[in-house]
Structure formats: C-alpha cells, structure tokens
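The values are calculated or read from the model by the stated rules, or taken from the named source; none is laboratory data. On a predicted model such as this, the values are computed, not experimentally measured, just so you know. In this analysis, Cβ positions are derived from the backbone assuming ideal geometry, glycine residues included, and neighbour counts consider all displayed protein chains. Areas reflect the complete protein model, heavy atoms only, side chains present, ligands, DNA and RNA absent. Shrake-Rupley method; radii C 1.70, N 1.55, O 1.52, S 1.80 Å.
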Amino acid sequence: MKNHRQNNNLAGVAGVLTSANSVILSGHVMPDGDSIGSTIALGLALEKMGKKVTLSSPHAVPEMYRFLPGAHRVHQGLPEGEYDVFVVLDCSVPDRLGDRLQKLLDKDITVVNIDHHQTKETFAHVNYIDPKAAATGEIIYDLLVEMGVDLDLDIATNLYTAIVTDTGAFKYEGTTANTHRKAAALLECGVPGSRICKLLYDEKPIEVLKVLQAALPTLSISPCGKVAWISFDWQSRQRVGARDEHTDELVDYPRKIKGVEVAMLFREISPGSVKVSMRSNYYVDVNKLAAQFDGGGHKRAAGCLIQGEFNAVKERVIEAAIQVVQRGT
Ligand code: AMP
Ligand code: MN
Ligand code: MN
C-alpha cells in the first residue's frame, strides 16, 4: 500500500483504515475545532472498529475544546508506539504537523491525508482532499458512513464542533445544504447544539477580553478603506498573560468594518515570529495572498508564519494586501 498512491477515493481510504491495526491520528499546529474534533471523531470511530488508536496533536488541545468527549486522550507531539497507519487531518502541507509528528512521514507506515484546503501537491500515500467541504469534519462524517460506523453522541459532538467552528457557526461562504444536512443528522444523535455554541462563543476566559482591550487601539485601515488590520505583539501578550487561543478572534474586528475586503491579524507568537491571519469578505483569494509568504488556507481564510521584526513584517504584508485589492483578485 505504501508505494501505491491513491487520490480522492473515499472507499479507498475506508479500505486502508479497515485493514489497519494500530492507527495514530493528528491535526495541525495551533489546533482549531476542526482539527481537534476531526481527530477525536475519527479516532473514536476506529476504536469502535477494534483498532488500536492513538490521538495526537502538535500542540495541546486549547482550553475551549477540552469539553469535547475524548479531548483528555489527545497526546501532545509524538508518543512512543508502533503504528501502521498515520492519519493526517486538516493539514495542507507536512509543515502543519510540526517537527515531531512530521518525523512519522519518513517511517515505513501508510500515511493518509484527509483535508479540505486548496493544495497544489499531495504528500501522503492516500489523499482525500475536498476543498468544497466546509470542514474536514464533513469529510469524516462521509467516511464514517462509508465504513458503516454508527454515530454515537461522543463522535457526533466532535463532528458537530468541527463543522460549527470551521463554518463560523454556519456563517461562512463554504457552508452548503450538505453541511446543514450533516449538522442536522448530528443533532439527531442528541448533540446539544446550542450548549456547544454557548461554550464556543459566549463563555470566554477573561484573557480573551483583556486581549481585545489591548488590541483594539491598534485597529487600522488603509487609505483606500479596503484593507484593515489589528495587531498583538509579544510585549502585549506577556503583559496580558495570553495564550494563542485567546487571540484567535481578533481578526473578526477588522473584518467587520463595512467596505473592508481584506482583514488581517498580526500576532507575534514568539519574539521575531509573526503569525498572520488573513480573511476576505467577497472577492479576494487570501489563499493566494498567504501563498506569497509560504502560507496557505482557503479563499476567504488563510494564514502564514513569517520570521522578522514585527513592524517590518506588517509593512510587507499590508503592502501586498493593498496591491491585491487594487488588482481586484
Ligand atoms: P487561521 O488564521 O490560523 O485561523 O487560519 C486560517 C486558515 O488558513 C486555516 O484554514 C488554516 O489551516 C490555514 N493556515 C493558517 N496558517 C497557515 C500556514 N502557515 N500554512 C498553511 N495554512 C495555514
Ligand atoms: Mn484547521
Ligand atoms: Mn478545517
């Protein structure tokens, strides 16, 4: 199997997983709800099929996702063990696995990548990439149907969270009738939808509000009114005592400004290391903008990591964004 490359065949993915014995699963660095929810949901399903399952993540499960059934089982990094299949979820490039988990890609095991990002190249032995899926969780739903696994409340809760978070609670453009059909089926399993949304969106640690307080004065807009950004540097982060996950929603503020097409969040995740989150409202493909800086993502949400002095990085990226909106793409 290892040398036999296979693309976009869900039955093929199901076949590889059905014949596996020991499976390790992981999503991406700075994990989000889709990455964690998809990892746990597929892991629990494989366990129901009698597989030995190891759940992993390059970074710890953020506090806001610790309510997920199975979250306590997610290891950080690469646990010792013998695996025959490695399932990589919600990652468009190997880099997104972080250094430790990437090492598994060189081992003699079958690598399966299940993802919904737009990618130029596949990196696994078995790839299932569907950029039309609003969340990797949507693909996992189809995969479980394909494998004949009965959804239970724990699996359904993880999948529902994956779908809710990656669609911005069903607001984003990628949300389709199918997304809603799957969400409805998950609710029918007993998932407490409004309770989950309350936990995700309306119950925040105080740090989130302190971050907002510190960052809002940095909100800026270009002279053309189409590019807006907000910043959170290392010093502010130290002062507030915030973690990455407390800063995720900042990008929503420049994005909300009427007339803005490209919104960006610049955050220094360690001194000299700047993570840029990019969002567009109607027409700019921010995946392409992020690609100029070796990042990636989707048309309306993308990101990249740039090394350099905070203000210098900001200047370069803002300039590139202004050029892109001027070209109108
Ligand atoms: P974020 O800004 O972290 O919420 O990410 C928005 C989207 O872009 C998500 O789908 C990410 O998976 C993707 N993304 C973020 N950073 C990167 C990166 N450095 N490389 C590739 N994709 C990224
Ligand atoms: Mn993700
Ligand atoms: Mn995703």
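Okay, here's what the table says:
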{"read-out": "The one condition in (1) over 24 Å from Asp285 (Cβ atoms); (2) exposed (fewer than 15 other Cβ atoms within 10 Å of the Cβ); (3) outside the structural domain of Tyr283 (by TED's automatic domain parsing) that Ile196 fails to fulfil", "value": "(2)"}
{"read-out": "From Ala11, Ala60, residue being away from ligand 3 (no atom under 16 Å from the Cβ), over 24 Å from Met147 (Cβ atoms), open to solvent by 30 Å² or more (accessible area, probe 1.4 Å) and of a type outside the set (S, T, N, Q)", "value": "Ala60"}
{"read-out": "Test for Ile36: is it assigned to a helix (DSSP H, G or I), in the same structural domain as Leu143 (by TED's automatic domain parsing) and not basic (Lys, Arg)", "value": "yes"}
{"read-out": "Failed item, numbered, when Pro94 is tested on (1) surrounded by fewer than 22 Cβ atoms within 10 Å (Cβ to Cβ); (2) more than 16 Å from ligand 1 (Cβ to nearest atom); (3) free of Cβ contacts under 8 Å to residues at least 40 places away in the same chain", "value": "(2)"}
{"read-out": "Hey, Leu89 open to solvent by less than 30 Å² (accessible area, probe 1.4 Å) and either under 20 Å from Lys275 (Cα atoms) or assigned by TED's automatic domain parsing to the domain that holds Gly15 (or both) or not", "value": "yes"}
{"read-out": "Hits in the range 14-33 - residues which are outside any strand (DSSP E or B) and more than 16 Å from ligand 3 (Cβ to nearest atom)", "value": "Ala14, Gly15, Val16, Leu17, Thr18, Ser19, Ala20, Asn21"}
{"read-out": "Pairs where the first residue, in the range 287-301, is assigned to a helix (DSSP H, G or I) and the second is open to solvent by less than 30 Å² (accessible area, probe 1.4 Å) and not small (Gly, Ala, Ser), C-beta under 6 Å, 6+ apart", "value": "Leu289/Met278; Leu289/Val324; Ala290/Met278; Ala290/Cys304"}
{"read-out": "Residues that are part of a loop (DSSP other than H, G, I, E, B) and under 11 Å from Val13 (Cβ atoms), drawn from the range 114-124", "value": "Ala124"}
{"read-out": "Residue that is over 20 Å from Tyr141 (Cα atoms) and touching a residue at least 24 places away in the same chain (Cβ under 8 Å), where the choices are Leu104, Leu42", "value": "Leu104"}
{"read-out": "Residue in the range 124-144 that is within 12 Å of ligand 3 (Cβ to nearest atom), among the hydroxyl-bearing types (Ser, Thr, Tyr) and in contact (Cβ under 8 Å) with a residue 24 or more places away in the chain present", "value": "yes"}
{"read-out": "Residue tally, condition in a helix (DSSP H, G or I), among the acidic types (Asp, Glu) and more than 16 Å from ligand 3 (Cβ to nearest atom), over the range 158-209", "value": "2"}
{"read-out": "Hits in the range 263-280 (condition: open to solvent by less than 30 Å² (accessible area, probe 1.4 Å) and hydrophobic (A, V, I, L, M, F, W, C))", "value": "Ala263, Met264, Leu265, Phe266, Val274, Val276, Met278"}
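Quick grid of which residues meet (1) at pLDDT below 95; (2) in the same structural domain as Ala41 (by TED's automatic domain parsing); (3) not hydroxyl-bearing (Ser, Thr, Tyr):
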residue: Leu216; (1), (2), (3): no, no, yes
residue: Ser222; (1), (2), (3): no, no, no
residue: Phe232; (1), (2), (3): no, no, yes
residue: Glu245; (1), (2), (3): yes, no, yes
residue: Tyr253; (1), (2), (3): no, no, no
residue: Glu261; (1), (2), (3): no, no, yes
